[in-house]
Amino acid sequence: MGILSYFRSKKQTSASVAKERLQVLVAYERNQRTQPEYLPQMQQEILAVIARYVDVSVDDVQINLDEDCSILELNVTLPEHRGQD
Amino acid sequence: MAEIIVVTSGKGGVGKTTSSAAIGTGLALRGHKTVLVDFDVGLRNLDLIMGCERRVVFDLVNVINEEATLNQALIRDKRTEGLYILPASQTRDKDALTQDGVERVLKELSETFDYIVCDSPAGIERGAHLALYFADTAIVVTNPEVSSVRDSDRILGVLQSKSRKAEDGGQVREHLLLTRYNPSRVQAGEMLSVEDVREILAIPLLGVIPESEAVLKASNQGQPVVLDDASDAGQAYLDAIGRFLGEEREHRFLEVQRKGLFSRVFGRKG
């Protein structure tokens with residue numbers, strides 16, 4: 001039994017791959033839905049400002065608003081070599 | 001006052017019209033006066049599934065435009081007592097539907113019917129939005145497949161923000177109807193299980209309809225599948241209708257039905 005389950009666990013079924021992909025996607029899309037409508041535009045504009053100084057892409061910026069919109073959290077991943085010069 | 005039920009999904013081809021026909025017929029079989037309204041203007045098919053395609057004279061858009069009365073447009077089902085069909089228009093596009101017009105028709109229908117079952121078109125555009133806008137209850141038809149589950153979640157978002165109930169601070173009652181379920185593929189790890197889909201969508205489960213040959217056979221003949229009460233799909237729909245009406249019914253057809261010779265000889269696996 002132990003050997004059997006060892007072999008079984010090595011191979012992930014396609015259904016469990018589907019479930020994992022969906023969980024990530026649905027969580028992301030629900031989050032998008034609950035965001036205020038101006039957020040994508042604001043993200044673009046903030047990114048444009050940052051891009052004037054450092055080389056960043058859209059994926060490097062994460063903007064989160066908490067539920068009642070009182071805290072704006074901005075995470076920018078700066079490139080390793082450049083940035084502070 | 002009638003209860004307005006929308007049968008919706010976002011994605012096309014998952015079984016909305018089959019389910020609308022089955023649920024509407026099932027409710028009428030249980031003694032509730034029911035009308036099936038096809039919202040798929042330009043691509044109507046409910047009439048074909050219900051076998052009344054040759055009896056269509058006037059349609060929903062005619063009633064909205066006051067070119068016909070509701071009584072002229074309603075088609076009485078010949079097999080099931082208390083069941084009526086309001087077909088969609090085949091020639092006009094979806095912009096022919098107006099919110100005021102739809103509201104007026106639904107209001108008039110709710111004076112004489114117990115249930116109004118709205119068969120939504122696919123997508124999240126105008127037709128789909130109007131089909132769900134006035135709903136009290138939504139039956140979200142989903143296949144155990146990634147794109148269908150994603151689109152169902154999307155339509156749940158629309159129900160929770162853009163329906164009239166939501167705009168008034170209320171909530172549309174949501175039900176999950178999982179269709180085209182194949183237990184043997186689930187067992188083999190090739191298909192999302194009912195538990196997987198429930199976990200992702202997080203809404204109450206109304207029923208699971210097995211993938212069944214009876215569905216095509218029924219649509220070939222223009223007969224809702226619940227009338228084939230010997231079939232697995234027909235029984236699964238009847239169970240779902242029982243649950244909808246508040247009955248406790250165990251979910252069936254979730255396990256592999258027929259045992260092969262191998263498993264019969266060697267007993268149950270796992």
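The values are calculated or read from the model by the stated rules, or taken from the named source; none is laboratory data. Not measured: the values here are computed from a predicted model. Cβ placement follows ideal geometry from the backbone for every residue including glycine, while neighbour counts extend to all protein chains displayed. Areas reflect the complete protein model, heavy atoms only, side chains present, ligands, DNA and RNA absent. Shrake-Rupley method; radii C 1.70, N 1.55, O 1.52, S 1.80 Å.
Numbers for the structure displayed
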| item | result |
| --- | --- |
| Inter-residue pairs, beta-carbon under 6 Å, first touching a residue at least 60 places away in the same chain (Cβ under 8 Å) and in the stretch B:176-192, second of a type in the set (A, V, I, L, M, F, W, C) and open to solvent by 60 Å² or more (accessible area, probe 1.4 Å), 6+ apart | none |
| Residue match in the stretch B:201-224 (condition: open to solvent by 40 Å² or more (accessible area, probe 1.4 Å), in a loop (DSSP other than H, G, I, E, B), within 14 Å of chain A (Cβ to nearest Cβ) and without any contact (Cβ under 8 Å) to a residue 12 or more places away in the chain) | yes |
| Residue within the stretch B:122-135 that is buried (at least 23 other Cβ atoms within 10 Å of the Cβ) and within 14 Å of another protein chain (Cβ to nearest Cβ) present | no |
| Some residue of the stretch B:113-120 being within 14 Å of chain A (Cβ to nearest Cβ), surrounded by fewer than 20 Cβ atoms within 10 Å (Cβ to Cβ) and at pLDDT 95 or above | no |
| Qualifying positions in the stretch B:47-73 - over 19 Å from the mean Cα position of the chain (by Cα), open to solvent by 20 Å² or more (accessible area, probe 1.4 Å) and touching a residue at least 12 places away in the same chain (Cβ under 8 Å) | B:ARG55, B:VAL56, B:VAL57, B:PHE58, B:ASN65, B:GLN72 |
| Residue in the stretch B:180-199 that is away from chain A (no Cβ under 14 Å) and either open to solvent by less than 40 Å² (accessible area, probe 1.4 Å) or aromatic (Phe, Trp, Tyr) (or both) present | no |
| Residue satisfying all of: in the stretch B:144-179; within 12 Å of another protein chain (Cβ to nearest Cβ) and part of a loop (DSSP other than H, G, I, E, B); surrounded by the fewest Cβ atoms within 10 Å (Cβ to Cβ) among these | B:GLU145 |
| Test: residue in the stretch B:90-97 that is surrounded by 15 or more Cβ atoms within 10 Å (Cβ to Cβ) and touching a strand residue (DSSP E or B) at 6+ places or on another chain (Cβ under 6 Å) | no |
| Residue that is farthest from the other protein chains (Cβ to nearest Cβ), among those in the stretch A:19-55 that are open to solvent by 70 Å² or more (accessible area, probe 1.4 Å) and either among the basic types (Lys, Arg) or in contact with a strand residue (DSSP E or B) (Cβ under 6 Å, 6 or more places away or on another chain) (or both) | A:ARG52 |
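For every residue, the table says whether it meets (1) among the small types (Gly, Ala, Ser); (2) more than 12 Å from the chain's Cα centre (by Cα); (3) surrounded by fewer than 24 Cβ atoms within 10 Å (Cβ to Cβ).
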position: B:GLU3; (1), (2), (3): no, yes, yes
position: B:SER9; (1), (2), (3): yes, no, no
position: B:LYS16; (1), (2), (3): no, no, no
position: B:SER20; (1), (2), (3): yes, no, no
position: B:THR25; (1), (2), (3): no, no, no
position: B:ALA28; (1), (2), (3): yes, yes, no
position: B:GLY31; (1), (2), (3): yes, yes, yes
position: B:VAL35; (1), (2), (3): no, yes, no
